[in-house]
Amino acid sequence: MPYTVPKLEDYSPAALDKAVQELLTAVRQEADAVSNEADWKAFRDRWMARKNGILTQVNDLWLKAAPGPAKRDVGSRVNALKVEVEQIVDGAQQRMSGAASRARLGSERVDITLPGIHKPIGAEHPVIKTMNEIVSVFRNIGYSVAEGPEIETDYFNFEALNFPPNHPARDTQDTLFVVGQEKKRQRDRLLLRTHTSPVQIHAMEQQPPPIRVVVPGKVHRADTADATHSPIFHQVEGLAVDTNITFCDLKGTLDHAMKALFGSDVKTRFFPSFFPFTEPSADVSVTCFKCGGKGCRLCKNSGWIELLGCGMVDPAVFKFVESNGYDPAKVSGFAFGMGVERITMLKYGIDDIQLFFQGDVRFLEQFV
Ligand code: PHE
C-alpha cells in the first residue's frame, strides 16, 4: 500500500513522533526502490511537488489543521521533516547518478595493455633540411634571413637586376608568365620568380646599408622535368653590402661556408662567369667531396664540383635602390645564389631530382 498522509486527531508529542516516523519510513523505502532517472522524477514529484505533493499535504493536514496550542510544536516538526525528505530525495538522485557513471565506466573500459595506434610523425624534407643548414651557416656569421614573394613583377625579377627589356640574358632563365597581362606595362607584368635574386632588391628597398642577408626560397622555371631539372626548385641567395666590401670578402665568406657545409678539407675555386646583376661574376666549385679531388664518377673525373654563382653587386643594380642609401660611389657588395636540390643531391649521392617531389615515404624516411 503506498503511503498516504493521515489526518491527525491526537496532537500529543507521542502521536506526532509516531506519524513522523511512519512518514520517514515510507519515504526511505520509496527512495531505495528508485532505479532510474524517470523513477526518481516521479518519486521527487510525489513527495515534493508544490501542488499536492506529500509535503504540501502534510502542511495542510497537520500544520494548518492543528489546534492553536499545538501549532508551535507541529510547525517545528514539519520543518525538520521537510529538510529530511529533501535530503532523502537528493540522496536517491546521487546514488542513481553514481550507479549510472559506474555503468558507463564499466562499458567504456579500455585495455591499456593493447599496443597503441602508431601515428608516424613527419620529418623535415631533405631539401628543407639542407636549406636550413645553409641558412644557419650564414646566420652564424651575422646574416639575417629574408623572404620574398614567389609571384613577382618583371621589374623585380629582371629589370632592377639589370636585365634590360628584351635583353638576351633573359633567355637564360626560361620564365613562366601569368597570362592575360598584355595591357600592363612590361615592368608590372607578373611572373613566377625564376630565382631568389629579386629579394636582393626588396631587401635593399627596406633596409639601408649596411646589409647582410640570406634568402631561402622556392623558384620556378619553364623546364621539362628530367633527372637533373625540375620546374620547381629551391635556392638560397645571399647579399652583403657595406663600405669597402671586396672580392676578397666574397671569396673568404664562400670558402668558409663551403667548408662549414661539406667539411673543413674542401677547397674552393672561382671561375669567371656572367650574370647581369654582378660584375665581375664567378661560378664557384668545390673539390669533389667524394674522391677528394682525385677524380671520380660524381665529379666526372674533373676533381671539382660546380656549386653556385656569385659576384660583386653591379653598380647598375645599386642605381635602382640609390634613394635608400645605396650610392654606387660609396657602397660595394657581393651576392651569391645556390641551388638547394643540387647541393642535397651531391651531399647524399642522389641521382634523380624527381625523387624530391614524388613524396615516396620509402625515399623520404631515409633522411630522418
Ligand atoms: N640568381 C642566379 C641564378 O639563379 C644566381 C646568382 C645569385 C648569381 C646571386 C650571382 C649572384 O642563376
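What nm value, rounded to one decimal, do you get for the distance between I141 and L298 when each label is placed 7 Å out toward the C-beta?
The modelled label-to-label distance comes out at 2.2 nm.
Dipole size in debye (nearest 20) for region 267-368 around its Cα centre, Lys and Arg Cβ +1, Asp and Glu Cβ -1? Let's see the in-between values first.
Numbers: 11 positive and 11 negative charges, 108 e Å.
With only Lys, Arg, Asp and Glu charged at Cβ, the dipole is about 520 debye.
Show me, for region 216-222, the HN-Hα J-couplings you get by feeding each phi into the Karplus relation (A = 6.51, B = -1.76, C = 1.60, θ = phi - 60°), rounded to Hz, glycine and proline as x.
These are the phi-based 3J(HN,Hα) values: x, x, 9, 9, 9, 9, 7 Hz.
If I model a spin label at A169 and Q181 as a point 7 Å from the Cα along the Cα→Cβ vector, what separation in nanometres do I get?
So the label points at A169 and Q181 sit 2.0 nm apart.
Along the charge dipole of region 88-218, which of M204, F156, I112 sits closest to the positive end, that is, farthest toward it, with unit charges on the beta carbon of Lys, Arg, Asp and Glu (+1, +1, -1, -1)?
Working it through, the farthest residue towards the positive pole turns out to be I112.
With every protein chain in place, what's the accessible area of K319 (1.4 Å probe, Å², nearest 10)?
Surface accessible to solvent at K319 totals approximately 120 Å².
Using the charge dipole of the chain (Lys, Arg: +1 at Cβ; Asp, Glu: -1 at Cβ; taken about the Cα centre), state which of A240, V317, F357 has its Cα farthest towards the positive end.
Of the candidates, F357 comes out farthest on the positive side.
Please label the shape of the chain as rounded, prolate or oblate, based on the square roots a ≥ b ≥ c of the eigenvalues of the alpha-carbon gyration tensor (a/c under 1.5 means rounded; beyond that, a/b larger than b/c means prolate, else oblate).
Since a/c reaches 1.5 and a/b is larger than b/c, the shape of the chain is classed as prolate.
Rolling a 1.4 angstrom probe over the protein chains, ignoring ligands and nucleic acids, what is the accessible area of R189 in square angstrom, nearest 10?
Surface accessible to solvent at R189 totals approximately 80 Å².
Among L8, W62, Q94, whose Cα sits farthest toward the positive end of the charge dipole of region 1-123 (+1 at Cβ of Lys/Arg, -1 at Cβ of Asp/Glu, about the Cα centre)?
Q94
Quick one: if the Förster radius is 41 Å, what FRET efficiency do A316 and A225 give, using the C-beta to C-beta distance and rounding to 0.05? Could the numbers behind the result be given before it?
Working: r = 35 Å, r/R0 = 0.84.
Once the sixth-power term is evaluated, E becomes 0.75.
So which of K119/K218; K218/K330; K18/K71; K259/K319 end up more than 27 Å apart by C-alpha? It would help to have the intermediate numbers written out before the result.
Values: K119/K218 29 Å; K218/K330 33 Å; K18/K71 17 Å; K259/K319 34 Å.
The pairs that break the limit, which is 27 Å between Cα atoms, are K119/K218; K218/K330; K259/K319.
Assign unit charges at the C-beta atoms only (+1 for Lys and Arg, -1 for Asp and Glu), then state the dipole size of the chain relative to its Cα centre in Debye, rounded to the nearest 20. Could you put the intermediate results ahead of the total?
Numbers: 43 positive and 46 negative charges, 163 e Å.
In total the dipole reaches around 780 debye.
Please work out the average accessible area per residue across the chain, using the 1.4 Å probe convention, and give it in Å².
Working: 20780 Å² over 368 residues.
Value for the chain: 56 Å² per residue.
Treating only the Cβ of Lys, Arg, Asp and Glu as charged (+1, +1, -1, -1), what charge dipole size does region 148-224 show about its Cα centre? Round to the nearest 20 debye. If you can, show how the numbers build up before the last one.
Numbers: 10 positive and 10 negative charges, 24 e Å.
For region 148-224, the charge dipole is close to 120 debye.
Return the FRET efficiency for the residue pair F367, D39: r is the Cβ-Cβ distance, R0 is 45 Å, and the value is rounded to the nearest 0.05.
Numbers: r = 64 Å, r/R0 = 1.43.
With a Förster radius of 45 Å, E is 0.10.
Tell me whether region 244-315 comes out rounded, prolate or oblate; compute the Cα gyration tensor, take square roots of the eigenvalues as a ≥ b ≥ c, and use a/c under 1.5 as the rounded threshold. Can you show the working numbers first?
Values: a/c = 3.37, a/b = 1.73, b/c = 1.94.
The shape class here is oblate.
What accessible surface, in Å², does a 1.4 Å probe find on V83, ignoring ligands, DNA and RNA and rounding to the nearest 10?
Rounded to the nearest 10, the figure is 80 Å².
Put K290, K41 in order of accessible area, largest first, 1.4 Å probe: what do you get? List each step's numbers first, then the result.
On the way: K290 150, K41 90 Å².
Solvent-accessible surface, decreasing: K290, K41.
The values are calculated or read from the model by the stated rules, or taken from the named source; none is laboratory data. Because the structure is predicted, anything quoted here is derived from the model rather than measured. Reconstructed Cβ throughout: ideal geometry from the backbone, glycine too, with neighbour counts over all protein chains shown. For the accessible areas, the whole protein counts, side chains as well, though only heavy atoms, and no ligand, DNA or RNA atoms are used. Shrake-Rupley method; radii C 1.70, N 1.55, O 1.52, S 1.80 Å.
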